[in-house]
1. Would you please list the contacts, defined by Cβ atoms under 9 Å and residues six or more apart or on different chains, that run from a residue in region 416-443 that is touching a residue at least 24 places away in the same chain (Cβ under 8 Å) to a residue that is acidic (Asp, Glu)?
2. In the list Thr342, Thr365, which residue meets the criterion of being outside any loop (DSSP other than H, G, I, E, B), over 16 Å from Pro276 (Cβ atoms) and β-branched (Val, Ile, Thr)?
3. Out of region 105-157, which residues are within 23 Å of Val52 (Cβ to Cβ), touching a residue at least 40 places away in the same chain (Cβ under 8 Å) and open to solvent by 30 Å² or more (accessible area, probe 1.4 Å)?
4. Could you pull out the residue among Leu7, Leu66 that is under 30 Å from Ala143 (Cα atoms), modelled with pLDDT under 95, among the aliphatic types (A, V, I, L, M) and assigned to a loop (DSSP other than H, G, I, E, B)?
5. Got at least one residue in region 286-296 being outside any helix (DSSP H, G or I) and surrounded by fewer than 18 Cβ atoms within 10 Å (Cβ to Cβ)?
6. Filter region 313-341 for residues that are aromatic (Phe, Trp, Tyr) and open to solvent by less than 70 Å² (accessible area, probe 1.4 Å); which is nearest to Val372 (Cα to Cα)?
7. Does Phe201 meet the test of being modelled with pLDDT of 95 or more and within 26 Å of Thr235 (Cα to Cα)?
8. Can you confirm whether region 261-282 contains a residue that is closer than 15 Å to Thr204 by Cα, open to solvent by 10 Å² or more (accessible area, probe 1.4 Å) and out of contact with any strand residue (DSSP E or B) (no Cβ under 6 Å at 6 or more places or on another chain)?
Amino acid sequence: MTTTTHLPDHGHDHHDHAVPTGMARWLTATNHKDIGTLYLWFSMIMFFSGGVMALCIRLELFKPGLQFFRPELFNQFTTLHGLIMVFGAIMPAFTGLANWMLPLMIGAPDMAFARMNNWSFWLLPPAALLLMISFAVPGGAAAAGWTLYAPLATQMGMGMDLTIFAIHIMGISSIMGSINIIVTILNMRAPGMTLMKMPLFAWTMLITAYLLIAVMPVLAAAVTMVLTDRHFGTTFFNAAGGGDPILYQHIFWFFGHPEVYIMALPSFGVISQIIPTFARKPLFGYHSMVYATASIAILSFMVWAHHMFVTGLPATAQLFFMFATMVIAVPTGVKVFNWVATMWQGSMTFETPMLFAIGFVCLFTIGGFSGVVLSMVPVDVQLHGTYYVVAHFHYVLVAGALFTLFGATYYWLPKWTGNMYNEGMGKFHFWWSIVSFNITFFPMHFLGLAGMPRRIPDYAAQFTEFNSIATVGAFLFGFGQLIFLFNVIQTIRGGAGKAPAKPWDGGTTLEWEVESPAPFHTWDQPPAREVVDRLSELQKLH
């Protein structure tokens with residue numbers, strides 16, 4: 001694969017300029033590190049916003065009966081919690097990581113389209129604002145669940161319109177960010193860095209970017225059809241006018257299932273960087289990891305109807321989607337096997353990033369197993385719409401995405417700030433999080449198996465004990481994240497001392513070749529081919 005190291009100026013800062021200061025630095029940012037920082041802080045704010053809504057949900061469910069919130073407001077919390085966590089917290093966080101780290105890891109001076117990069121970030125705050133102010137409009141915020149199912153979505157107040165507008169804006173932002181990632185990776189790698197010598201994080205971001213470009217327009221089409229049903233007299237999803245509400249589910253889940261992997265694949269990339277570093281061994285089965293990532297992405301387009309087994313699909317369709325879903329477990333299993341094989345007989349140490357990586361592998365595997373259980377049609381018919389599903393996707397996404405993001409932050413924080421974080425506080429954050437996470441979500445398996453439906457503000461008395469335990473766990477988990485925030489801020493202000501260029505002796509990728517903190521401009525001159533070859537040799541990449 002050819003590499004290009006010098007591209008025409010697409011709006012980059014000129015590298016002999018001084019570092020900009022003040023508000024202008026952030027409002028007009030074109031430097032990939034600044035934009036990455038903006039993304040990460042934005043996602044942190046949205047994470048805590050969505051987290052507060054989750055705590056409101058759990059507070060209401062602490063015991064039976066309506067305690068604090070009207071059912072309508074409860075439904076708005078469940079809807080906005082999902083939308084904010086998916087579109088406001090997790091996806092922007094990974095785009096932020098990609099902005100910060102991809103150019104450093106592949107030896108590029110910046111992202112390919114620097115000004116478009118600025119736009120793709122600054123579209124997000126207005127979209128988030130639309131979602132938040134929708135609580136204050138007549139009728140309140142959208143309350144149809146994060147899936148925005150029709151016909152509920154076609155009947156609500158103007159909060160739904162604001163949500164549709166916000167989704168459109170965030171979708172445009174995601175597509176612009178994805179184009180940037182693809183062009184940067186394909187055209188701006190260092191000399192000698194072929195595709196098969198890239199860090200696995202770059203591979204997962206590349207495939208994720210293609211997925212995003214493929215499915216975000218599908219979501220945009222679905223919500224636009226809802227919008228025209230609401231205001232322009234169409235009846236796509238209105239049975240009275242000849243439409244079909246099930247059509248919405250088909251369109252939504254054609255987007256929705258790849259979306260799960262849009263959040264999971266970057267996690268796989270981050271974990272594939274952290275585990276070899278702290279096991280001090282090359283990643284086991286690099287090539288199979290690449291092929292498994294691509295396989296998961298392709299298969300994710302073929303399984304959407306496993307979310308719809310109770311809608312009356314023909315038996316042959318149910319069988320197809322059931323077996324296709326089970327097949328995804330194969331490449332995912334390859335990844336888990338390779339991570340464990342990488343750790344096997346490695347010189348492992350257990351710094352905070354490694355703890356979060358191991359926590360990810362354990363919890364994600366549990367979530368994967370419960371997903372295989374749900375893939376079986378007879379079981380899904382029983383458990384669909386129960387708390388078992390809530391437990392399943394929180395094990396996949398909280399453990400999969402959130403634990404990864406914590407691990408990634410601790411892993412690269414020395415490179416970002418030039419300071420070491422407080423290791424003791426980091427480990428305390430991990431143990432607090434993994435214990436409280438399991439207190440919160442593991443009982444939900446039992447609630448689901450016992451038949452407790454999801455998205456309800458009240459429940460029968462026999463579900464009280466497990467709900468009370470889950471609520472206590474949720475508050476412990478929520479408050480535990482303040483430890484993380486405090487540690488990050490402390491690190492920015494000096495932390496536990498200056499970080500060397502390579503704080504982790506097992507690091508074998510290009511970002512550890514630059515000083516800490518990474519200078520405002522890096523790789524003005526692309527890294528020498530000898531450096532790339534040496535690092536590739538350490539990673540056993542050929």
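The values are calculated or read from the model by the stated rules, or taken from the named source; none is laboratory data. Since the structure is predicted, the reported quantities are computational estimates derived from the model, not experimental observations. Counting neighbours? That spans all protein chains shown, and the Cβs are built from the backbone with ideal geometry, glycine included. Each accessible area value is taken on the protein alone, full model and side chains, heavy atoms only, with ligands, DNA and RNA left out. Shrake-Rupley method; radii C 1.70, N 1.55, O 1.52, S 1.80 Å.
1. Every condition considered, the pairs that remain are Gly418/Glu515; Glu423/Glu351; Gly426/Glu351; Lys427/Glu351; Pro443/Glu465.
2. Numbers: Thr342 fails: over 16 Å from Pro276 (Cβ atoms).
Unique residue meeting the criteria: Thr365.
3. Pro125, Pro126, Met132, Phe135, Trp146
4. Within the list Leu7, Leu66, the selection yields Leu66.
5. Within region 286-296, the first condition is being outside any helix (DSSP H, G or I), and the residues that meet it are none.
So far as region 286-296 goes, no, none of its residues is outside any helix (DSSP H, G or I) and surrounded by fewer than 18 Cβ atoms within 10 Å (Cβ to Cβ).
6. Phe321
7. Numbers: modelled with pLDDT of 95 or more: yes; within 26 Å of Thr235 (Cα to Cα): no.
No, not satisfied.
8. Initially, region 261-282 is screened for residues closer than 15 Å to Thr204 by Cα, giving 261-274.
Keeping just the survivors that are open to solvent by 10 Å² or more (accessible area, probe 1.4 Å) gives 261, 273.
Those still in the list that are out of contact with any strand residue (DSSP E or B) (no Cβ under 6 Å at 6 or more places or on another chain) too: 261, 273.
The answer is yes, given that some residue of region 261-282 is closer than 15 Å to Thr204 by Cα, open to solvent by 10 Å² or more (accessible area, probe 1.4 Å) and out of contact with any strand residue (DSSP E or B) (no Cβ under 6 Å at 6 or more places or on another chain).
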